[in-house]
C-alpha cells in the first residue's frame, strides 16, 4: 500500500512538473511572438475542452440512448466541420494576407532569437528542417541586433547567421555552431555553398506544392470521418425514436 501511494505521488508530481513546464514554455513564446497578450496555453485548454465535451456527448449519448446528447454531438460536429470548411476557403482566398502575416510573424521571432532558448530551438529546428534561412532570405537576420551588418554592431556574430542556416556536411558528426560567422559578408555565389539562401516562407510553399496530395488526403480523411460520425449519430437517433414510437 505504501509503495502504491509513493508511486501515485511520484506520478502526480511528474504531471504537475510537466504541466508547469509546458505552460512556462508557451507563456515565454507568447510574450515574444507578438500575439497581443494571448497565451497559447488557453488555446490548448479550449481545444482539449471541446474534444472532451464532444467525446462525452457522443459516448454517453450512445450508451444511454440519449437523443439529446446524440443530437448535440451531431450538431456540434457539424459546426466544427463548417468552421473547418470556412477556414479552408478563407485561407485560399486570402493566401496573400496569410503569407504577409507569416512573414511578419517570422521576422518578429528573428528579432527575439536570443531572448528565449525555447524560441531559439524552435527557429533552429524550422530552418534545419526546411533547409531555409530567414523569412524570405538570409538578409532577414539583419533584423536581429546580434547578426545585423551595421558598423555599430560589436557582436562576433555580425553579418552572420545562426548555425541552423548552414548547409550540412554528411561527414560531420558534431555541429559547428560557428559555421555561420561572417557568412553574409561573402559574395552571394559563395554564400550558397556555406548557408541556405532560400527563405522559410518560399520553402514552406514549395513543400505544400510537393506534398499537396498528402495534405489534401489528410484533410479529406478528417472531413469524411466527421461526416461519418454525424451520419452515425443521426441514424442512431432515428432508430431510438422509431423504437420509442412503437411503444
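A few points about this structure:
- Check on residue 228, in contact with a helix residue (DSSP H, G or I) (Cβ under 7 Å, 6 or more places away or on another chain) and either surrounded by 12 or more Cβ atoms within 10 Å (Cβ to Cβ) or without any contact (Cβ under 8 Å) to a residue 24 or more places away in the chain (or both): no
- Residue in the range 110-125 that is farther than 23 Å from residue 165 by Cβ, out of contact with any helix residue (DSSP H, G or I) (no Cβ under 8 Å at 6 or more places or on another chain) and surrounded by fewer than 18 Cβ atoms within 10 Å (Cβ to Cβ) present: no
- Residue list for the range 146-167, filter: surrounded by fewer than 16 Cβ atoms within 10 Å (Cβ to Cβ) and either touching a residue at least 12 places away in the same chain (Cβ under 8 Å) or closer than 16 Å to residue 199 by Cα (or both): 146, 149, 156, 167
Table: residues versus (1) at pLDDT below 90; (2) part of a helix (DSSP H, G or I); (3) outside the structural domain of residue 133 (by TED's automatic domain parsing); (4) farther than 30 Å from residue 74 by Cα.
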residue: 171; (1), (2), (3), (4): yes, no, no, yes
residue: 174; (1), (2), (3), (4): yes, no, no, yes
residue: 180; (1), (2), (3), (4): no, no, no, yes
residue: 184; (1), (2), (3), (4): no, yes, no, yes
residue: 189; (1), (2), (3), (4): yes, yes, no, yes
residue: 197; (1), (2), (3), (4): no, no, no, yes
residue: 204; (1), (2), (3), (4): yes, yes, no, yes
residue: 214; (1), (2), (3), (4): no, yes, yes, no
residue: 218; (1), (2), (3), (4): no, yes, yes, no
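- Positions within the range 123-142 being within 17 Å of the chain's Cα centre (by Cα), over 12 Å from residue 195 (Cα atoms) and in contact (Cβ under 8 Å) with a residue 24 or more places away in the chain, in sequence order: 123, 124, 125, 126, 130, 135
The values are calculated or read from the model by the stated rules, or taken from the named source; none is laboratory data. No experiment lies behind these values; they were computed from the predicted model shown. Note that we place each Cβ from the backbone using ideal geometry, even for glycine, and neighbour counts take in every protein chain shown.
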